[in-house]
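Inspection log for the structure reproduced underneath, given as structure tokens.
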Amino acid sequence: MLGRQERWQEDLFVVAPLRELIPDDHILKRVDRVLALAWLHDEVRDCYHQGLGRRSIDPEAAVRLMLAGLFQGITSDRKLMREAQVNLAIRWFAGCRLHEPLPDHSSLTRIRQRWGAERFKRLFRKSVEACVQARLVNAETVHVDATLIRADVSWESLTERHVERVLQENPPGDDDQPAPLSNGAKSRRGRKSTKPPKAKKYSPTDPDATLTTSCKQYRMEPSYKQHTAVDDRAGVIVDVVVTTGEASEGRQLAQQIKRIEAHTGEKIQTLTADGANGHGRNYALLETRGTQAVIPPQTTARRSHRIPARRFKYDGRRRLVRCPRGQRLRRSTRNKQGWIYRARTRDCRVCPLREACIALSASARTIVIGDGHEALLRARRRHGRGDETARALYQRHRWRTEGVHGEAKTQHGLRRAARRRLWNVAIQVYLTAAVMNLKRLAAFLRALCGLRLTRPACSGPLWSPCKHVRATSLWFHDRCQIAA
């Protein structure tokens, strides 16, 4: 029989709680069981005056709105509040009733400005602690990698720092004297350079973003760089930090290790990373700590018009370098990478390999031996032997870290920064990392509570359902009781 429904007849009353209108398998309903933000009020109490002003938005409701938007891949505050007007799940997750007005989108912006990035960083650390308590993290194997986040600026806004350079070269009061061409920079030999520095492009819209690229085949874009550490067991993000796009990835490893062990309370047994971290300094650090390093060493340049540096033998005991002809190069000066070893001018003057070794304008050959060079040589030998275990770990590193970055960009809107300035992008990254950790925690709880162990006899013990799951910390600690 053909049915007909009266669409225009509205119900005056709905006799059902809002929770019953949301499916049990909805992501916000599952996450709500592992999320507790009671600690947040004391955390942000100093940001508000207790005796003056109107009543503020509940901090927990504001954070829940931000998290709900990122769960849906919504990064715009305007779009989030429009969606919350008609989305029952977002209203219920934020604790707003159907007849209550939602806060204005600008209120979320004010809250981020007032709280700062450190409080959102604490929110992310709380999610890591919850995963540690649930035994989703053991920190035995940690994968470290970085990815670029496109800044929220247009190509038309890029410009060069002409005004700043003109002011530096023409200080006030020196109009009668010609300004020097140099900006105080020194050459390698200590003399001031007369060549003006190359102007860098930047965007006045977001000065913190810098031009960079992840591949030489791609053009440079104004970006930020996200440094991420992922635990191998369940893919939980145990550390994340945001820098400008031109920041070196290899120089962040030492601080990352300290933060990971502070978050998890465990010592890292194995650490994997890509070739950007394959410096001697990092290998020496991991050897000192007793951590297995699964990092491919950086390759040296193969094509060169001079004799490559790999043909020079380094003697760490005597602290000298021998050239292919057997002559000694001794320590001269030090730079950021390490020590510079320099040959004697009289040895290079009569050397038959002079034309193939040094330039015509140079008087002697110099070699840079970076810090941790001996550890780098040992890593190259290990990499050359081709360990199957290390190769398998590096394969897991690739799909673990790239999978986390791909998930954040495709599902949670982290491909492009939603706001400007470094602290604002850091807040977006912290919230996104917390959302991804909560997803893994909720999935683990659902799998654990849905697991049932049966015997041939029906009177045997069972894994209890969700009613026996209880919170024993500020956030979450799961343990299903065995019911006899």
Quiz item: How far is it, in nm, from the label point at LEU353 to the one at CYS47 when both lie 7 Å from their Cα along the line to the Cβ?
Solution: 6.3
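First measure r as the distance between the Cβ atoms of LYS258 and ARG233, then evaluate 1/(1 + (r/R0)^6) with R0 = 22 Å and state the FRET efficiency to the nearest 0.05. Please list the in-between numbers first.
On the way: r = 21 Å, r/R0 = 0.95.
So, using R0 = 22 Å, E works out to roughly 0.60.
Can you tally the net charge around VAL350? Count Lys and Arg as +1, Asp and Glu as -1, for every other residue whose Cβ sits under 11 Å from the Cβ of VAL350. If you can, show how the numbers build up before the last one.
Details: positive: ARG325, ARG344, ARG346, ARG349, ARG354; negative: ASP347.
Residues near VAL350 contribute +4 overall.
I need the calculated FRET efficiency for the pair ARG4 and ARG385, taking r as the beta carbon distance and R₀ as 45 Å, to the nearest 0.05.
0.05
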Quiz item: Taking the highest mean first, how do the peptides 424-431, 111-118 order by number of other beta carbon atoms within 10 angstrom per residue?
Solution: 424-431, 111-118
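In square nanometres, what is the average projected area of the Cα convex hull of the range 211-348? Walk me through the numbers on the way to the answer.
Numbers: hull surface 46.8 nm².
In nm², the orientation-averaged hull projection of the range 211-348 is 11.7.
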Quiz item: Dividing the Cα radius of gyration by the Kirkwood radius, what Rg/Rh value follows for the range 353-431?
Solution: 1.26
Quiz item: With the contact rule set at Cα under 8 Å and sequence spacing of 6 or more, what percent relative contact order holds for the range 18-115?
Solution: 33
Quiz item: Extension gain ARG54-GLU118, at 0.36 nm per residue separation less the Cα-Cα distance, in nm?
Solution: 20.5 nm
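Which value, in debye to the nearest 20, describes the size of the charge dipole of the range 309-370 about its Cα centre when Lys and Arg Cβ atoms bear +1, Asp and Glu Cβ atoms bear -1, and nothing else is charged?
Numbers: 19 positive and 3 negative charges, 63 e Å.
Approximately 300 debye in magnitude.
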Quiz item: Kirkwood Rh, the range 53-113, all Cα pairs: how many Å?
Solution: 11.6
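Assuming a ≥ b ≥ c are the square roots of the Cα gyration tensor eigenvalues, decide whether the range 1-115 counts as rounded (a/c under 1.5), prolate (otherwise, with a/b larger than b/c) or oblate. Before the final figure, lay out each step's value.
Numbers: a/c = 2.20, a/b = 1.96, b/c = 1.12.
Verdict is prolate for the range 1-115.
Using a 10 Å cut-off on Cβ atoms, rank the peptides 265-277, 80-92 from the highest mean neighbour count down.
Working: 265-277: 19.2, 80-92: 17.7.
So the order, starting with the most tightly packed, is 265-277, 80-92.
At 0.36 nm per residue, minus the direct Cα-Cα distance, what do ARG110 and ARG344 gain on full extension? Give it in nm, one decimal, please. The partial results should precede the final answer.
Values: separation 234, 0.36 × 234 = 84.24 nm, distance 6.43 nm.
Full-extension gain reported as 77.8 nm.
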Quiz item: Each residue of the range 364-381 in turn: what ³J(HN,Hα) in whole Hz from Karplus with 6.51, -1.76, 1.60 and θ = phi - 60°, glycine and Pro shown as x?
Solution: 7, 8, 10, 10, 9, 10, x, 5, x, 5, 5, 5, 5, 5, 5, 5, 5, 5
Quiz item: Do any trypsin sites (Lys or Arg not before Pro) in the range 315-352 lie in a DSSP loop with no more than 15 other beta carbon atoms within 10 Å, and if so, which?
Solution: ARG317, ARG318, ARG319, ARG325, LYS336, ARG344
Quiz prompt | ³J(HN,Hα), Karplus 6.51/-1.76/1.60, whole Hz, each residue of the range 72-82, x for Gly, Pro | solution = 8, x, 9, 9, 8, 5, 4, 5, 5, 5, 5
Quiz prompt | Residue-wise HN-Hα coupling along the range 143-155, computed from phi with Karplus coefficients 6.51, -1.76, 1.60 (Hz; x: Gly, Pro) | solution = 10, 10, 7, 9, 9, 9, 10, 5, 6, 8, 9, 9, 5
Quiz prompt | Cut-off under 5 Å, modelled amide H: who pairs with ASP152 long-range | solution = ALA417
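For a Förster distance of 45 Å, can you work out the FRET efficiency between the beta-carbons of ARG97 and ARG398, rounded to the nearest 0.05? Before the final figure, lay out each step's value.
Details: r = 47 Å, r/R0 = 1.04.
With a Förster radius of 45 Å, E is 0.45.
Once fully extended, how much extra length lies between TYR218 and ALA247, figured as 0.36 nm per residue of separation less the alpha-carbon to alpha-carbon distance? Don't skip to the end; give the middle numbers.
Working: separation 29, 0.36 × 29 = 10.44 nm, distance 1.81 nm.
Net length gain for the segment: 8.6 nm.
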Quiz prompt | Å³ per residue enclosed by the Cα convex hull of the range 319-359 | solution = 85
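Suppose a student asked you for the relative contact order of the range 262-359, using Cα pairs under 8 Å spaced at least 6 residues apart; what percent would you report? Intermediate values should be presented prior to the final figure.
Values: 99 pairs, mean separation 16.2, N = 98.
Relative contact order comes out at 17 percent.
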Quiz item: Under 5 Å between amide H atoms, partner at least 5 residues away or on a different chain: which partners does GLN298 have, H built in plane at 1.01 Å?
Solution: GLY278
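Values quoted throughout were computed directly from the atomic coordinates according to the rules given, and no laboratory measurement underlies them. In this text, all values refer to a predicted model and were calculated from it rather than measured experimentally. Cβ coordinates were reconstructed from backbone atoms using ideal geometry, including for glycine residues, and neighbour counts include every protein chain displayed.
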